[in-house]
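Asker: One structure follows; several queries about it will come next.
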Amino acid sequence: MRTFARDRSGGAAVEFGLVAPLLIAVVLGISASSEAIYQHHVMRKAVSAGAQLIMTTDADMEAVRDLTLEAWNGKADGSSVQVSQWCRCGSAQHSCSTICTDGDYPETFTRIDAATPYTGPLGDQTLTSSQLVRTR
């Protein structure tokens, strides 16, 4: 019995057998989350393209939505882009087409919201991205 207790051959195989399931779980988790991160990055890049259009031109909300969808490579079925705009003078909501009472132009805010369904190993999820652009 003493020789059996002192025999260390095969100890590494037993340790590997104990650690291998944890290593496999980590690798699978990284690979599953990397796809979701990539899809979110592509969506975020398209939203940024829409924001860039707002900052460089006087594009309307429909043009911003169309450009964002066009810039979104590989979007899934059911992906959506919503563009909303509002204005304010100081801290109060104001019409975008009239000058503020203090004679200044109202601040214009445009928000781009994108969403896409994503099915991964953890089930169905919705990935979202949004950007708020303030112009004058």
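Asker: Divide the volume of the convex hull of the Cα atoms of the range 9-135 by its number of residues and quote the answer in cubic angstrom per residue.
Answerer: 153 Å³
Asker: Treat each spin label as a single point 7 Å out from the Cα along the C-beta direction, and report the A25 to C100 distance in nm.
Answerer: Distance between the two pseudo-spin positions: 5.6 nm.
Asker: Moving on. With a cut-off of 8 Å between alpha carbons and a minimum separation of six or more residues, what is the relative contact order of the range 9-135 in percent?
Answerer: Taking the mean separation of contacting Cα pairs over the length of the range 9-135, I get 23 percent.
Asker: Tell me what the chain gives for mean residue ellipticity at 222 nm when only DSSP H runs of n ≥ 4 count, each as -39,500 (n - 2.57), the sum divided by the residue total, rounded to 500 deg cm²/dmol.
Answerer: -16000 deg cm²/dmol
Asker: Stretch T135-Q85 to full length: gain in nm at 0.36 nm per residue minus the Cα-Cα span?
Answerer: Once the chain is fully extended between T135 and Q85, it gains 16.9 nm.
Asker: Continuing with the same structure: Using 13 Å as the cut-off for backbone N distance, which residues of the range 88-127 belong to the label zone defined by a point 7 Å from the Cα of S33 along Cα→Cβ?
Answerer: Counting backbone N atoms under 13 Å from the label point, the list is 122.
Asker: Calculate, in nm to one decimal, what K45 and T126 gain on full extension: separation in residues at 0.36 nm each, minus their alpha carbon distance.
Answerer: Length difference between fully extended and current span is 27.5 nm.
Asker: What does the extension gain come out to for T119 and E70, with contour length at 0.36 nm per residue minus their alpha carbon separation?
Answerer: The T119-E70 span can extend by a further 15.4 nm.
Asker: If neighbour count is taken as other Cβ atoms inside 10 Å, put F16, F109 in order from fewest to most.
Answerer: Sorted ascending by nearby Cβ count, the order is F16, F109.
Asker: Please order D124, D60, D113 by the number of other Cβ within 10 Å, starting at the fewest.
Answerer: With the sparsest Cβ surroundings first, the list reads D124, D60, D113.
Asker: Please state the charge dipole magnitude for the chain, taken about the Cα centre, from unit charges on C-beta atoms (+1 on K and R, -1 on D and E), reported in debye and rounded to the nearest 20.
Answerer: 760 debye
Read-outs throughout are calculated quantities, based only on the coordinates presented, and are distinct from any laboratory measurement. If you're wondering where the values come from, they're calculated on a predicted model, not measured in any experiment. Virtual Cβ from ideal backbone geometry, glycine too; neighbours counted across all protein chains shown.
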